[in-house]
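Chemist: After the structure tokens below, expect a handful of questions from me.
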């Protein structure tokens, strides 16, 4: 009886040590994939939600590029007199280089759409702005 207990204890102990050897010894923290904040006091409220930013870097034999992408976003607010909502896509900022065109800088503005509504003041105002991309060579001076 005592021998069975000893063998079982050894088997479970060795199994636990083997399990610990297989599991990771530490966990690396990851950046959160987005962010949300909100606030409410009585009839006044807002909520903002953002996605995560990221970047891409590419390199070939004769060209390279780097782009930083901004986070998409959503925003809403409410009062007793009005309500508004807005959606925004990703924007981008970066550079590219190749021997033919040289160094170029690129900016892409986010597309934005939304509305403002007020039954109290009697209006509904939707809006939409398309995304636009601008690319200029390094050293370009705006006239």
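Read-outs throughout are calculated quantities, based only on the coordinates presented, and are distinct from any laboratory measurement. These figures come from a predicted structure and were not determined experimentally. Note that each Cβ is placed from the backbone with ideal geometry, even for glycine, and that neighbours are counted across all protein chains shown.
Chemist: Please check which bits of the range 34-63 a label hung off residue 85 would reach, taking the label as a point 7 Å along Cα-to-C-beta and the cut-off as backbone N under 20 Å.
Modeler: 35-41, 43-51, by backbone N distance to the label point.
Chemist: Hey, another quick one. Taking 0.36 nm per residue of separation and subtracting the Cα-Cα distance, what length does fully extending residue 98 through residue 52 add? Intermediate results must be reported in sequence, preceding the final value.
Modeler: Numbers: separation 46, 0.36 × 46 = 16.56 nm, distance 2.93 nm.
Value of the extension gain: 13.6 nm.
Chemist: Between residue 41 and residue 107, what is the FRET efficiency for a Förster distance of 41 Å, r being their Cβ-Cβ separation, to the nearest 0.05?
Modeler: On the way: r = 38 Å, r/R0 = 0.92.
Approximately 0.60, to the nearest 0.05.
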